[in-house]
1. Which ones in the range 116-154 are among the aliphatic types (A, V, I, L, M) and within 28 Å of residue 25 (Cα to Cα)?
2. Within the range 113-122, does at least one residue satisfy the condition of being out of contact with any helix residue (DSSP H, G or I) (no Cβ under 7 Å at 6 or more places or on another chain) and under 17 Å from residue 37 (Cα atoms)?
3. Pull up the range 13-29, narrow it to residues that are open to solvent by 60 Å² or more (accessible area, probe 1.4 Å) and out of contact with any Lys or Arg (no Cβ under 9 Å at 6 or more places or on another chain), then point me to the one that is nearest to residue 148 (Cα to Cα).
4. At least 3 residues that are without any contact (Cβ under 8 Å) to a residue 12 or more places away in the chain and open to solvent by 20 Å² or more (accessible area, probe 1.4 Å) in each: list the helices (runs of 4 or more DSSP H) lying fully within the range 49-155 that qualify.
5. Residues that are in a helix (DSSP H, G or I), at pLDDT 95 or above and open to solvent by 20 Å² or more (accessible area, probe 1.4 Å): does the range 35-45 have at least one?
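The values are calculated or read from the model by the stated rules, or taken from the named source; none is laboratory data. All figures in this text were calculated on a predicted structure; none of them were measured in a lab. Cβ placement follows ideal geometry from the backbone for every residue including glycine, while neighbour counts extend to all protein chains displayed. With ligands, DNA and RNA removed, areas are computed over all heavy atoms of the protein, side chains included. Shrake-Rupley method; radii C 1.70, N 1.55, O 1.52, S 1.80 Å.
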Amino acid sequence: MTAADPETGRASFMDLALEEAERAAARGEVPVGAVLVKDGRVLAADGNRTLELNDPSAHAEILVIRSACAALGSQRLPECDIYVTLEPCPMCAGAISFARIRRLYYGAGDAKGGAVDHGTRFFCQPTCHHAPEVYSGFGETRAADILKTFFRSRR
């Protein structure tokens, strides 16, 4: 799904996540960006910061979930949507589930580390307490290009 829905702003929210991915790349981080939205308003936007914070859990998804929970004063985000440039890993899929996020929109699939449509398929497991609606392919080409360029420059 790459078509934009002008009423919901899906393309523009993914564009913001892609900008966060580019900022992460500029910091030397794996270029993944995320934006968390409620009622059409951005609550949090960030990119990976695992190197900067010396924290293996500082993935973009975790950072925006933490920030949005703090802003709303709640551990649950049931009326929120998250936009991520790369298919979430098992840790991030778990955090999305525990936060009770309503919808997940992601760009590029991740056959090696993804846990939504690849790998563990976290949301399909009987032990998963909450599965968001999942929509993939938003900004997929640009997200994949950002990642390819980043890793090519590292070789």
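1. 116, 134, 143, 144, 146, 147
2. Checking the range 113-122: not a single residue is out of contact with any helix residue (DSSP H, G or I) (no Cβ under 7 Å at 6 or more places or on another chain) and under 17 Å from residue 37 (Cα atoms).
3. Going through the range 13-29, the residues open to solvent by 60 Å² or more (accessible area, probe 1.4 Å) turn out to be 15-16, 19, 22-23, 26-27.
Then keep just the ones that are out of contact with any Lys or Arg (no Cβ under 9 Å at 6 or more places or on another chain); that gives 16, 19, 22-23, 26.
Working: 16: 19, 19: 16, 22: 12, 23: 15, 26: 14 Å.
My answer is 22.
4. In the range 49-155, the matching helices (runs of 4 or more DSSP H) lie at 140-154.
5. no
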